[in-house]
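Participant: A single structure is presented below for examination.
Values in this text are rule-based calculations from the coordinates and carry no lab data. Not measured: the values here are computed from a predicted model. Cβ: placed from backbone, ideal geometry, glycine included. Neighbour counts: every protein chain shown.
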Amino acid sequence: MFKEWADKYDGKFDEGWEVLRTMTIKKQKELGWIPQDAVLNPLAESMQKWDDIPKSQQEFQIRLMEIYAGFLEHTDVQYGKIVDEVERQGLLDNTLIIYINSDNGPSAEGMDGTISELRAHNAMPSSTQQQINVLNKDYGGLDALGGPKLDAMYHHGWAYSGAAPFQGTKLVAAHLGGTRTPMVISWPAKIKHDGKIRSQFHHVNDIAATLYDILEITPPNVVNGVEQQPLDGVSMAYTFNEPEAKTTKKTQYFEIMGSRGIYHDGWMAGTPGPRAPWSTDLSRVMNWEPEKEKWELYNLNNDYSQSKDLAKENPKKLAELKVLFDEEATDNLVYPIGASLYTMFFSPSELPATTLQEWTFYEGQTRIHESMAPKFSSGRSTLAVIDAGIPKDAEGVLFVLGGISSGFTVFMDKGFLKVEYNSMTLNRYKVSSASAIPTGKVKIEVETKYDSKERMAPATLTLKVNGKEVGRGRIEQSVPGGHGIETFDIGMDLGSPVSLDYFDRAPFKFNGKINSINIKYIE
């Protein structure tokens with residue numbers, strides 16, 4: 001089904017992302033969505049230009065964008081079905097619909113185009129050609145893109161095009177391309193449709209305030225004995241029937257991973273931060289001094305797309321906004337600036353996790369969040385001891401963490417004991433017993449011993465059955481942070497399957513008996 005939607009856009013993006021940006025701003029102006037004097041910002045200097053993409057790789061990059069476009073339309077159609085059903089039930093007129101088909105600016109985390117988006121989250125570098133080679137070798141080529149076996153993400157150039165005419169992408173708080181998203185509000189009984197765009201500056205934290213306002217609810221100061229923080233947002237209800245009304249939103253701060261922005265009365269100041277989301281260059285992160293960052297200043301009243309930096313022309317206004325950012329950041333517990341960079345780049349082992357060092361699991365325990373389960377990531381050496389009843393030709397998952405993009409799975413297949421460490425799709429390290437293991441009551445040991453605690457450190461996988469070694473292999477590149485958003489399961493693989501070896505048999509429930517599984521960290 002995914003191919004059907006993506007194929008609708010065949011050939012639409014063949015000219016690349018710079019051309020797409022010029023087409024986009026032209027269309028936006030024709031439709032009246034943006035001011036006629038809005039300026040199209042150029043691609044960021046550190047971004048890859050379409051002409052620099054090797055001809056042999058362009059088909060791959062184009063297909064990723066076709067898939068994104070198809071996915072976007074498919075998503076929109078599904079929302080439309082909900083609206084159609086509400087209308088069929090006669091409830092549409094008095095139903096308030098707030099539609100935001102985004103959570104921020106377009107994502108550049110696919111970096112140079114990828115079949116494994118989470119590699120960027122773990123700061124694991126790879127080349128486009130590596131991606132294409134694995135795609136062709138293990139998945140059958142371009143036709144697999146957009147399907148259930150891959151977590152693909154388009155090139156950062158397409159993301160920047162999606163933010164046109166602004167600068168920035170997701171993870172950039174200083175530029176509207178990283179934060180601005182379209183919103184539609186429908187309430188036929190109370191909002192008369194006039195076809196006019198509301199351009200008042202508002203933020204997602206204003207939605208709750210709007211609902212409280214129209215429902216005439218005063219937020220409580222105390223809930224269950226806990227004093228509540230003040231409500232940050234302001235109501236947008238004044239815009240419902242006054243499209244030209246002046247915005248009542250005076251101030252809003254933004255911050256993510258060291259990138260900062262502050263809006264106040266039509267002005268916006270910010271600093272992009274130590275790292276461009278589309279770059280693998282970590283030198284600035286490692287030597288970053290946030291207090292020395294260069295700030296930019298824009299007057300949004302006459303510069304819709306932040307195309308002219310006024311920092312040098314108006315240092316007084318910039319200084320005023322920097323002080324305001326500091327006040328907002330202090331009030332909203334933002335400091336220390338860029339703290340999330342510490343765990344991502346310096347110490348992944350300190351990511352949020354349970355303090356447990358040892359677990360005992362039983363058959364039927366599933367859907368345990370990765371932060372509460374044993375971690376199978378860089379530097380976390382583990383020993384898993386499985387007490388199980390093994391039938392003849394045993395098959396099925398004993399335990400698993402993660403999903404199709406990345407994970408760790410221990411399973412039986414045709415009586416053989418197997419382990420796979422799926423390192424962000426590009427590398428799948430497999431170890432198997434040399435022959436079928438004994439049946440009946442069996443003690444299985446799976447040891448993962450890392451060479452060091454460094455990021456992406458290699459490790460040795462050792463399999464033992466009843467005290468006897470039956471298999472050994474190497475993990476050459478481990479995952480430094482986390483395997484993703486999927487869970488830890490006992491006795492089956494309930495999410496997307498970690499291993500392609502049992503993809504068509506998922507959830508691949510174990511056909512024997514798991515008495516207990518003990519997993520602990522070892523030195």
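Participant: Only four residue types carry charge here, +1 at the Cβ of Lys and Arg and -1 at the Cβ of Asp and Glu. Report the dipole size of the stretch 1-89 about the Cα centre in Debye, rounded to the nearest 20.
Facilitator: Magnitude of the dipole: close to 60 debye.
Participant: Output the relative contact order of the chain, whole-number percent, from Cα pairs under 8 angstrom with separation of 6+ residues.
Facilitator: 13 percent
Participant: Fully extended, how many nm does the chain gain between residue 294 and residue 222 (0.36 nm per residue separation, minus their Cα-Cα distance)?
Facilitator: Gain on stretching residue 294 to residue 222: 21.8 nm.
Participant: Here's a follow-up. For the chain, with only Lys/Arg (+1) and Asp/Glu (-1) charged at the beta-carbon, what is the dipole magnitude about the Cα centre, in debye rounded to 20?
Facilitator: Taking the Cα centre of the chain as origin, the dipole is about 1080 debye.
Participant: Further question: Arrange the peptides 243-255, 167-179 so that the one whose residues have, on average, the most other Cβ atoms within 10 Å appears first.
Facilitator: Ranking, from highest mean packing down: 167-179, 243-255.
Participant: Net charge around residue 412, counting only other residues with Cβ within less than 10 Å of its Cβ (Lys, Arg = +1; Asp, Glu = -1)?
Facilitator: -1
Participant: Pick out, from 402, 202, 305, the residue whose Cα sits farthest towards the positive end of the charge dipole of the chain, with +1 on the Cβ of Lys and Arg and -1 on the Cβ of Asp and Glu.
Facilitator: 402
Participant: Restricting to DSSP H runs of at least four residues, report the calculated mean residue ellipticity at 222 nm for the chain, -39500 (n - 2.57) per run over all residues, nearest 500 deg cm²/dmol.
Facilitator: Roughly -6500 deg cm²/dmol at 222 nm, from the helical runs in the chain.
Participant: Note down the net charge around residue 469, summing +1 for each Lys or Arg and -1 for each Asp or Glu among other residues with Cβ under 12 Å from its Cβ.
Facilitator: Once positives and negatives cancel, what remains is +1.
Participant: Related question: Would you mind putting 467-478, 331-342 in packing order, based on average other-beta-carbon counts within 10 Å, highest first?
Facilitator: Top to bottom by mean Cβ count within 10 Å: 467-478, 331-342.
Participant: DSSP loop (so not H, G, I, E, B), at most 12 other Cβ within 10 Å: list which trypsin sites (Lys or Arg not before Pro) in the stretch 327-409 pass both filters.
Facilitator: Sites meeting the loop and neighbour criteria: 367, 392.
Participant: Right, another one. Measuring from a point 7 Å past the Cα of residue 186 along Cα-to-C-beta, which residues in the stretch 196-219 have an amide N at less than 11 Å?
Facilitator: none
Participant: Counting only DSSP beta bridges with both residues in the chain, what percent are antiparallel, rounded to the nearest 5?
Facilitator: In the chain, approximately 100 percent of DSSP beta bridges are antiparallel ones.
Participant: Which value in nm describes the separation of the simple spin-label points at residue 33 and residue 99, placed 7 Å from the Cα toward the beta carbon?
Facilitator: Modelled inter-label distance: 1.3 nm.
Participant: Oh, and also: When the scattering of the stretch 330-454 is computed by the Debye formula from its Cα atoms alone, each counted once and equally, what is log10 I(q)/I(0) at q = 0.21 Å⁻¹?
Facilitator: For the stretch 330-454 at q = 0.21 Å⁻¹, log10 I(q)/I(0) is -1.39.
Participant: Here is a further query. Once each part is reduced to its C-alpha centroid, what is the distance from the stretch 255-298 to the stretch 88-144 in angstrom?
Facilitator: Going from one Cα centre to the other spans 25 Å.
Participant: Packing-wise, with mean Cβ within 10 Å as the measure, how do 414-421, 227-234 rank, highest first?
Facilitator: 414-421, 227-234
Participant: Would you work out the Kirkwood radius for the stretch 186-234? I mean one over the mean of 1/r across all pairs of different Cα atoms, in Å.
Facilitator: Over the stretch 186-234, the inverse of the mean reciprocal pair distance is 13.2 Å.
Participant: Pulled fully out, how much extra length does the chain show between residue 229 and residue 84, if you take 0.36 nm times their separation in residues and subtract their Cα-Cα distance?
Facilitator: Extra length available between residue 229 and residue 84 comes to 48.4 nm.
Participant: Still on this structure: Would you kindly give the portion of the calculated P(r) for the stretch 125-260 that falls above 17 Å, as a percent of all Cα pairs? Please report the intermediate quantities before stating the final value.
Facilitator: Numbers: 6807 of 9180 pairs.
Above the 17 Å cut-off, the stretch 125-260 has 74 percent of its Cα pairs.
Participant: Still on this structure: What is the Cα convex hull volume of the stretch 80-172 when expressed per residue in Å³?
Facilitator: 150 Å³
Participant: Going from the alpha-carbon gyration tensor of the stretch 448-523, what semi-axes, largest first and in whole Å, does one get by taking the root of 5 times each eigenvalue?
Facilitator: In descending order, the three semi-axes are 24, 19, 13 Å.
Participant: Let me know the Kirkwood hydrodynamic radius for the stretch 267-410, please, with Cα pairs as the basis and the value in Å to one decimal.
Facilitator: Result for the stretch 267-410, one decimal place: 20.3 Å.
Participant: Starting from one equal scatterer on each C-alpha and no solvent at all, send me the Debye-based log10 I(q)/I(0) for the chain at q = 0.08, 0.12 Å⁻¹, two decimals.
Facilitator: Evaluating at q = 0.08, 0.12 Å⁻¹ gives log10 I(q)/I(0) of -0.64, -1.24.
Participant: Can you work out the base-10 log of I(q)/I(0) for the stretch 175-330 at q = 0.09, 0.11, 0.14, 0.18 1/Å, using the Debye formula on its C-alpha atoms alone?
Facilitator: -0.39, -0.57, -0.86, -1.17
Participant: Still on this structure, please answer the following. Stokes-Einstein diffusion coefficient for the stretch 126-166 at 20 °C in a medium of 1.002 mPa s, Rh from the Kirkwood formula over Cα pairs: what value in µm²/s?
Facilitator: It diffuses with D of about 184 µm²/s by this estimate.
Participant: Taking N as the number of residues in the stretch 371-523, what is its Cα Rg relative to 2.2 N^0.38 Å?
Facilitator: 0.94
Participant: Can you list, bin by bin at 10 Å, the percent of alpha carbon pairs in the stretch 224-314, starting at 0?
Facilitator: 13, 32, 29, 19, 7, 0
Participant: Given H placed 1.01 Å from N in the peptide plane, which residues other than close sequence neighbours of residue 514 have an amide H under 5 Å from its amide H?
Facilitator: Hits under the 5 Å cutoff: 389.
Participant: Taking R0 as 41 Å, what FRET efficiency do you get between residue 281 and residue 248 from their Cβ-Cβ distance, rounded to the nearest 0.05?
Facilitator: Numbers: r = 41 Å, r/R0 = 1.01.
Approximately 0.50, to the nearest 0.05.
Participant: Taking 0.36 nm per intervening residue step and subtracting the Cα-Cα distance, what contour gain separates residue 213 from residue 46 on full extension? Don't jump to the answer; show the numbers that get you there.
Facilitator: Working: separation 167, 0.36 × 167 = 60.12 nm, distance 4.46 nm.
Here the segment from residue 213 to residue 46 would lengthen by 55.7 nm.
Participant: OK, next. Please list the non-local residues whose amide H lies under 5 Å from the amide H of residue 470, H modeled 1.01 Å from N, same-chain partners needing a gap of 5 or more.
Facilitator: Counting only residues 5 or more places away or on other chains, the set is 463, 464, 465.
Participant: To continue, here is another question. In whole angstrom, and with the biggest value first, how far do the Cα coordinates of the stretch 1-71 range along each principal axis?
Facilitator: 38, 30, 15
Participant: OK, next. How large is the Kirkwood hydrodynamic radius of the stretch 317-387, counting all unique pairs of alpha carbons, in Å?
Facilitator: Computed over Cα pairs of the stretch 317-387, the Kirkwood hydrodynamic radius comes out at 16.0 Å.
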